[in-house]
Structure formats: C-alpha cells, structure tokens
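Student: Here's a structure for you.
The values are calculated or read from the model by the stated rules, or taken from the named source; none is laboratory data. Keep in mind the model is a prediction, meaning the values are calculated, not measured. Every residue, glycine as well, gets a Cβ built from its backbone with ideal geometry; the counts of neighbours run over all protein chains shown. Just the protein is used for accessible areas: all its heavy atoms, side chains included, with ligands, DNA and RNA removed. Shrake-Rupley method; radii C 1.70, N 1.55, O 1.52, S 1.80 Å.
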Amino acid sequence: MIQIGLSTWADHPALSVEGKPKSTLEEYVGHFPIVEVDSSFYAIPSLSNVVNWQHQVPDNFKFIFKASRVMTLHDGVDGDEYLTPERRIEFTNFKKVMQPLIQNGQLESVLFQFPPSFRCDLTNIRYLFEIRQMMDRIPISVEFRNPSWFTEAVEEDTLSYLERLKMINVIVDEPFDGNQGVPLVLQVTSAKKAMFRLHGRNAQGWFTSGKEWRKERTNYRYSTDELTELAQWVKAVSERVEEVTIIFNNNGNHDAVDNAKELQKILGIRFEGLGPVQMDLF
C-alpha cells in the first residue's frame, strides 16, 4: 500500500473550498489519507485538541506527529545526560495525548527529526536507545539532519541499529553538498513501513540563512520528470515493505498539493474512504 500526504493540513490554499489562505482539516481529508502534524514540534497539543482532530477525520485516516523540540534536543543540551527529569516528563506527556489515536489505530508514527547538531557519536547512539525505551511500542520514524550517520563507514551500522530498535529510517529528498543535509538512502529498516519526506531541491534556500529561511528552504516545485523518478524509487521500496508513506514538505510557495496530486496520478493509485470534501485539482 502507498499513501501520500502533506506536512500540516492548514497551509494549502488549493484545498480551501472558499479559496482562503488556510485550509481546514475537514477540507484536507477530502484529498489525502494521512497528514503530518508539525505543530507538535513546538508544543505538545492538548488531549482535547487531539480528540477534536480525531472526530473530524474518517476512521481510516492516519496521523504522523512530530516529536516535540524538547524530545529531539532542539531546546539545547548541556552535558551528555539527555534524559533529565524535565525531558522524561515531556515524553510522558506526549505519550498521554497520543493514546486516543493509538487506541483507534490512527497513529502512523511519531517522527523524530533531529537537528544538524545531532551527529553520530556514542552519546547520541545511546539516546536513540533511550527514546525507544521511553516510547514503549509506539511506532517511531527517524530523520537525521547530520550526514555523519550515512558515511560509507557507518551507514550499514546506522540502518542495522535502527532496525534493531524497530525505528523507521526516513528516506529524505533534500539538498546535500557532502557536509550539509543528508543523502538519499533508499534503504528500509522495517518490513512493515517505509517513509519518504520530500523537502525539495532548493539548494540556495536550504543552505542559506535569512529572514525568510523557513519558507525559502522548502520553496521548490518538483518537475514531472523528477516526480516520475521519485515514483520509481517509491515502487522499488514498496516491493520490500507492506506500506509506504510519502510526505511532501516542499511547500514554501504552496507547491506541495499539486506535486502530491501529480505523483498520485503517476503512481496510478486511488485513496478510498476519504472525507466528504471532494475537489478535482487537475
């Protein structure tokens, strides 16, 4: 099975029935069977919000939640002891609000997107093990931003370790210059699930900081030829796993919807049981 979704449901004017700048979750579910929730990175959502979102989607709709910035060490760490009492509480609170989705089979995974500073060393290798312990059996997907995890010397060990921890290696498409970003690694670490996250190929925006860096780094529109190549990669991976999830994060200029719809067309797949809002964008 192949499923396609976007990062966040709100920032997609093309999905808005009334042409508003922001789309709603109810509008989003008329087009895609899965969504990545980005807001959980900045703050753990309330239990009431999670239940409210759950009530707005079909029973077969899936959520990917980003682990909070505290859980992925974006909050700054002093010393080599990551699991402080405060961080343990963050994990506990995060797991609590995920329970309604877990009980209904709607939590696809929790995405741990680590900062570029999270390099391959013994402390960080240990932290991955501690994450698995803290998260129990909750599905975890891991996206590295430091290329040290995928050098020729350690790539095989990295993938083997993720497999032992029952963590999904996120296959990323993003700019990579050898020192910044990470390469595309078409390897899976689970027989059940694989995940692609497509950030676009805007190298100038990706590697340059500025006032609009958050927008510019994902300001990219995939061409039909590029999407056709991506479709070949997806098909190859789908032969090795039960389920492939593709998340488009190239939305700096609102290109994610069109690209996701075009990839769906290239792959020749249909999504059954979508929400009530139906709108042909092609």
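Student: In square angstrom, rounded to the nearest 10, how much accessible surface does Glu86 have for a 1.4 Å probe?
Tutor: Ignoring ligands and nucleic acids, Glu86 comes out at about 130 Å².
Student: A further question follows. In percent, how large is the relative contact order of the stretch 159-224, given Cα pairs closer than 8 Å and 6 or more residues apart?
Tutor: Relative contact order comes out at 29 percent.
Student: I need the shape label for the stretch 147-282. Rule: rounded when a/c is under 1.5, else prolate if a/b > b/c, else oblate, with a, b, c from the alpha carbon gyration tensor.
Tutor: oblate
Student: How many percent of the accessible area of the stretch 71-132 is carbon or sulfur, using a 1.4 Å probe?
Tutor: Result for the stretch 71-132: 52 percent of the exposed heavy-atom area is carbon or sulfur.
Student: Still on this structure, please answer the following. If amide H atoms are built 1.01 Å from N in the plane of the peptide, which residues on other chains or at least 5 residues away come under 5 Å of the amide H of Ile140?
Tutor: Val110, Ile168
Student: By the scheme Lys and Arg +1, Asp and Glu -1, what is the net charge of all other residues having a beta-carbon under 10 Å from that of Leu198?
Tutor: Once all neighbours under 10 Å are counted, the net charge is -1.
Student: Using the beta-carbon distance between His55 and Ile102 and R0 = 22 Å, what value does 1/(1 + (r/R0)^6) give for FRET efficiency, to the nearest 0.05?
Tutor: 0.85
Student: Now for a different question. Return a single number: how many Lys pairs in the chain, at a sequence separation of 8 or more or on separate chains, have alpha-carbon atoms below 16 angstrom apart.
Tutor: 10
Student: Could you tell me the relative contact order of the stretch 1-105? Use alpha-carbon pairs under 8 Å, at least six residues apart, and round to a whole percent. Write down the numbers at each step before the final one.
Tutor: Numbers: 119 pairs, mean separation 25.6, N = 105.
Relative contact order here is 24 percent.
Student: Using the Cβ atoms and a cut-off under 11 Å, what net charge is assigned to the surroundings of Val17, where Lys and Arg are +1 and Asp and Glu are -1?
Tutor: Here the count lands on -2.
Student: Figure the gain on full extension for Ile125 and Glu152 (residue separation times 0.36 nm, minus the Cα-Cα span) and round it to one decimal in nm.
Tutor: The Ile125-Glu152 span can extend by a further 8.0 nm.
Student: Also, quick follow-up: Over the heavy atoms of Ile269, what accessible area does a 1.4 Å probe trace out, to the nearest 10 Å²?
Tutor: Answer for Ile269: close to 40 Å² accessible.
Student: Explain nothing, just the number: relative contact order of the chain, from Cα pairs under 8 Å at least 6 residues apart, as a whole percent.
Tutor: Dividing the mean separation by the residue count of the chain yields 22 percent.
Student: How far is it, in nm, from the label point at Ser209 to the one at Glu229 when both lie 7 Å from their Cα along the line to the Cβ?
Tutor: Here the modelled spin labels are 3.0 nm apart.
Student: Sticking with this structure for a sec: At 222 nm, what helix-only mean residue ellipticity would the chain give, in deg cm²/dmol to the nearest 500, using -39500 (n - 2.57) for each DSSP H run of four or more?
Tutor: Rounded to the nearest 500, it is -9500 deg cm²/dmol.
Student: From the backbone phi of the stretch 28-35, what are the Karplus-calculated ³J(HN,Hα) couplings (6.51 cos²θ - 1.76 cosθ + 1.60, θ = phi - 60°) in whole Hz, Gly and Pro given as x?
Tutor: For the stretch 28-35, the Karplus curve yields 4, 6, x, 10, 10, x, 8, 9 Hz.
Student: Tally Lys/Arg at +1 and Asp/Glu at -1 over every other residue whose Cβ is under 14 Å from the Cβ of Glu243; what's the total?
Tutor: +2
Student: Per residue, how much accessible area does the chain have with a 1.4 Å probe, in Å²? Let's see the in-between values first.
Tutor: Values: 13310 Å² over 282 residues.
About 47 Å² of surface per residue is accessible.
Student: Here is a follow-up. Can you tell which of Ile89, Phe32, Phe65 lies farthest toward the positive end of the dipole of the stretch 12-97, using +1 and -1 charges on the Cβ of basic and acidic side chains (Lys, Arg; Asp, Glu)?
Tutor: So the residue furthest toward the plus end is Phe32.
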